[in-house]
Amino acid sequence: MIIAIYKPKGITSHDAIDQVRRATGEKKVGHAGTLDPLARGLLVIGIGKEFTKKLSEIVGKEKEYISTIKLGATSTTDDEEGDKEEVLCKEPAENEIKSAIDRFVGEILQIPPAFSALKIKGERAYKIARKGYTPEMKPRKVSVKSIELLEYKWPHLKLRVVTGPGVYIRSLARDIGEVLKTGGYLSDLERVRIGEFTKEKSLSISEVEKVLIQNKDAK
């Protein structure tokens, strides 16, 4: 079975998988596309060997996010978790904001965050960063389908972002802040869609067991 669950803020994607394992009694459980602990939203789960094999197809599907960027500061992790440093800057006008975000629509080169799960010579980048070293993060070509400005009230910038696979919204927040010369980091993130899976049709982790029981009873 492949289902979409809504991961709450404060737990890792791995934590969510473990909870689904306990709820279903199924050992073979996987997910398509990690969400950071500070992010919430859609996590597509494969339950059982037959369905975990199909997750690679879902990983490549279009994703939609509602993101809030805090301008006027930087973060070592590019999100709320890191050490912050204020940036002395002027408050950008809305037309400057729109001009800046337009630069990131299309095929772009993006440098992933140093605190990410990408492997550098076999070791996770975040593990290298936590040792006090700076991992060498190489730029990657990714696709940003659209960015819509939902709200701007200094210092917060709220965006709807639709992407292809492999896009880091934390990196996008950082890079928009650099273009605006204000600094910026991701202060809130919700994933609301992965391909045809939507937030509205997702389940809480506690609902997963009920759905499986209903399916068994229907057979």
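Any read-out appearing in this document is the output of simple, stated calculations on the displayed coordinates, not a laboratory observation. From a predicted model like this one, the values you see are computed outputs, not experimental measurements. Every residue, glycine among them, receives a Cβ derived from its backbone with ideal geometry; neighbour counts consider all protein chains shown.
For every helix of n ≥ 4 consecutive DSSP H residues, a contribution of -39,500 (n - 2.57) applies; sum these over the chain, divide by its total residues, and give [θ] at 222 nm rounded to the nearest 500 deg cm²/dmol.
Theoretical 222 nm ellipticity from helices: -8000 deg cm²/dmol.
Assuming a ≥ b ≥ c are the square roots of the Cα gyration tensor eigenvalues, decide whether the stretch 63-194 counts as rounded (a/c under 1.5), prolate (otherwise, with a/b larger than b/c) or oblate.
oblate
Roughly how many debye, to the nearest 20, is the charge dipole of the stretch 28-126 about its Cα centre, given +1 on each Lys and Arg Cβ, -1 on each Asp and Glu Cβ, and no other charges?
Once rounded to the nearest 20, the dipole reads 700 debye.
For the chain, give the magnitude of the charge dipole about the Cα centre (Cβ charges: +1 Lys/Arg, -1 Asp/Glu; no others), in debye to the nearest 20.
880
Any chance you could check the Cα centroid distance between the stretch 148-172 and the stretch 44-95 for me, in angstrom?
Here the answer is 8 Å between Cα centres.
Order of 30-41, 168-179 by packing, highest average Cβ count within 10 Å first?
Those peptides, ordered most packed to least, come out 168-179, 30-41.
Along the Cα→Cβ direction, 7 angstrom out, place labels at Leu109 and Trp154. What is the inter-label distance in nm?
Going from the Leu109 label point to the Trp154 one covers 3.3 nm.
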